[in-house]
1. Just name the residue that is surrounded by the most Cβ atoms within 10 Å (Cβ to Cβ) out of those in region 188-219 that are charged (D, E, K, R) and modelled with pLDDT under 80.
2. Pick from region 82-99 the residues that are over 29 Å from the mean Cα position of the chain (by Cα) and in contact (Cβ under 8 Å) with a residue 24 or more places away in the chain: which of them is farthest from residue 139 (Cα to Cα)?
3. Could you tell me whether any residue of region 70-81 is part of a loop (DSSP other than H, G, I, E, B) and within 24 Å of the chain's Cα centre (by Cα)?
4. Restricting attention to region 301-345, which residues are assigned to a helix (DSSP H, G or I), hydrophobic (A, V, I, L, M, F, W, C) and farther than 20 Å from residue 201 by Cβ?
5. Could you give me the residue pairs with C-beta distances under 8 Å whose first residue belongs to region 23-45 and is touching a residue at least 24 places away in the same chain (Cβ under 8 Å) and closer than 19 Å to residue 231 by Cβ, whose second residue is among the aromatic types (Phe, Trp, Tyr) and part of a helix (DSSP H, G or I) wherever it lies, and which are 6+ apart or on separate chains?
6. Could you tell me whether region 285-304 includes any residue that is of a type in the set (Gly, Ala, Ser), touching a Cys at 6+ places or on another chain (Cβ under 9 Å) and under 30 Å from residue 121 (Cα atoms)?
7. In the list 157, 131, which residue meets the criterion of being small (Gly, Ala, Ser) and part of a helix (DSSP H, G or I)?
8. If only one of 184, 215 is on the phi > 0 side of the Ramachandran plot and within 25 Å of the chain's Cα centre (by Cα), which one is it?
Amino acid sequence: MKGGTTYLVSFRAALCIILIEGVVFLILSVLNIREKIVRAIPLPIRLGISPAIGLMLLNIGLGSNAGVYSENGGPFYVMAHFFGALTPKLAREQMGSGYTQMVLSVVTMFVGLFVIIFLNQRGIKAAVLGGMFVSSVIYWAGEAIFMKTNPFASLMGASFVPPIKDMAELTLFKFDFGDFFRIGIFTAVTLIITFCMIDMFDTIGTLVGTASRAGMVDDDGQMPKMKEALLSDAVGTVAGSLTGTSTVTTFVESASGVEAGGRTGLTALTSGILFLCCMFIAPIAALIPAPATSAALIYVGVVMLGGLQKIDWNDISQMAPVSLMLLAMPISGSIGHGIGIAMISYSVIKLLDGKGKEVSVLTYIISILFLIKFFLVV
């Protein structure tokens, strides 16, 4: 039991919330309301979303992607415990036997990063994949030589047949509105609103950020075929609830695909087919070490910071909201929260500066909704 309900009840209630959220998104997308919400985000904030996502990727890559465990506990992370310790002696004391793995992780991710940059500078399209491959080989060799472990041990006896029957029995069409109403009307409505707001702005932020990096956004921050992109996200959310998964949405890691050259729906279709194939080779895919993926995340994060040059750093009404978003997004781990803090800041600054009429009514409404989310919704 947790919070007065069983995990089964909570699971089924959560699926109902995701289903309702997806239906709401479908309606808003068909009526072009989500598109209007995107346009209500002030241009400076839209321009700052891509760099803020870049910092978020840097934080994931350097801060929390490759955790190390040892007899001293854990997880221990690169920035917090390796570089954060300042001295090798203190790092060894903190991590114990995990120090060797931490050193291997740090070397792996930075070598991978430099390889990606080297290959990219020479116009090689598969630069990111090449860097990840080199990183993986280094990590596997380090495991065998320094940690005396077999990096491919997990393949022994591993099953390459996905548990489709178990997934169908446990998660497929398992939402139950009886369980949904059992958690309470107020709680249910609050959760639906919270999920809608955060998922909506996470999606919008990722969409705008990756489209900006792909060169698909014009000087006014507008993106072509935005309605179609938002519709596909809404359909994915509904489909996810039917299959028993958490919200299917646009993920920030898409930036690595954009950086590798992905620009059309063919990229998404190919990725989807490959993910489907990965169900049958999951044990092999799991061999890719976290430091190797960190190298790719760090590289893409660095590249996305280039969008900061579009911000007018002489205008405090732009500089302050964007700066707060740059910090809030990686710290909170939420694109939506970062955008919310930036919009609230932008609205307040414009009001205090006597330029409140320059801000649209919808921008004020969204800012107020975020204030309610931050201070009143528990």
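The values are calculated or read from the model by the stated rules, or taken from the named source; none is laboratory data. These numbers come from a predicted model, not from an experiment. For neighbour counting, all protein chains shown are included, and Cβ atoms are generated from backbone atoms with ideal geometry for every residue, glycine included.
1. 213
2. If we take residues in region 82-99 being over 29 Å from the mean Cα position of the chain (by Cα) and in contact (Cβ under 8 Å) with a residue 24 or more places away in the chain, then 96 is farthest from residue 139 (Cα to Cα).
3. If we filter region 70-81 for residues that are part of a loop (DSSP other than H, G, I, E, B), which is where we start, we get 71-72, 77.
Checking which are within 24 Å of the chain's Cα centre (by Cα) leaves us with 77.
Among the residues of region 70-81, at least one is part of a loop (DSSP other than H, G, I, E, B) and within 24 Å of the chain's Cα centre (by Cα), which makes the answer yes.
4. So the first thing to find is which residues in region 301-345 are assigned to a helix (DSSP H, G or I), and the list is 301-310, 316-332, 335-345.
Subsequent filtering for residues that are hydrophobic (A, V, I, L, M, F, W, C) retains 302-305, 308, 316, 319-320, 322, 324-329, 331, 335, 339, 341-344.
302, 303, 305, 308, 316, 319, listed by residue number.
5. Every condition considered, the pairs that remain are 34/25.
6. Of all residues in region 285-304, those of a type in the set (Gly, Ala, Ser) come to 285-286, 290, 292, 294-296, 301.
Going one step further and asking which of them are touching a Cys at 6+ places or on another chain (Cβ under 9 Å), we end up with 285.
Subsequent filtering for residues that are under 30 Å from residue 121 (Cα atoms) retains 285.
Yes: region 285-304 contains one or more residues that are of a type in the set (Gly, Ala, Ser), touching a Cys at 6+ places or on another chain (Cβ under 9 Å) and under 30 Å from residue 121 (Cα atoms).
7. Values: 157 fails: part of a helix (DSSP H, G or I).
Of the residues listed, the single one that is small (Gly, Ala, Ser) and part of a helix (DSSP H, G or I) is 131.
8. Values: 184 fails: within 25 Å of the chain's Cα centre (by Cα).
The conditions single out 215.
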